[in-house]
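Read the structure below first, then the notes.
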């Protein structure tokens with residue numbers, strides 16, 4: 001009888017700790033969000049990624065590798081900023097595009113929210129193999145960068 005009470009007490013303590021941890025993660029760690037200024041360099045970057053990815057870069061060479069060896073990258077002050085590449089992967093129409101909805105800084109992370117535009121009857125585009133992407137720069141914070149697709153499950 002004594003052993004089952006101590007086991008039950010231990011399980012309750014673990015459950016309380018787990019609930020406390022989840023509450024902290026959701027309410028505190030991911031809270032305190034504020035808009036983070038960003039610059040879009042997509043139009044000045046010549047090249048295109050060949051696969052779907054989220055990548056954060058601290059130098060030109062890595063960006064060139066992601067965009068193709070002959071890619072041209074605009075100048076970036078990597079002492080103060082970092083580059084974020086978001087690529088959707090191959091698509092079948094020129095009507096596909098990516099838009100940056102917002103960039104927010106939370107207490108423990110940076111969240112880049114992207115929306116993908118697809119072809120419509122009014123805007124079907126041309127049938128072609130394309131690789132939509134966005135190359136943006138953000139202030140260097142040391143926090144991990146995460147991607148949120150707006151409108152995707």
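Relative contact order for the chain: 28 percent, from Cα pairs under 8 Å spaced at least 6 residues apart, divided by residue count.
If you sort the three axes of the alpha carbon gyration tensor as a ≥ b ≥ c, you get a/c of 1.5 or more for region 86-153 and a/b above b/c, which makes it prolate. Temperature 25 °C, viscosity 0.890 mPa s: under these conditions the Stokes-Einstein estimate for the chain, based on its Kirkwood radius over C-alpha pairs, is 136 µm² per second.
With a simple spin-label model that places each label point 7 Å from the Cα along the Cα-to-Cβ direction, the separation between residue 12 and residue 52 comes to 4.6 nm.
Read-outs throughout are calculated quantities, based only on the coordinates presented, and are distinct from any laboratory measurement. Source: prediction; values computed, not measured. A quick note on method: Cβ atoms are made from the backbone with ideal geometry, for glycine too, and the neighbour counts reach across all protein chains shown.
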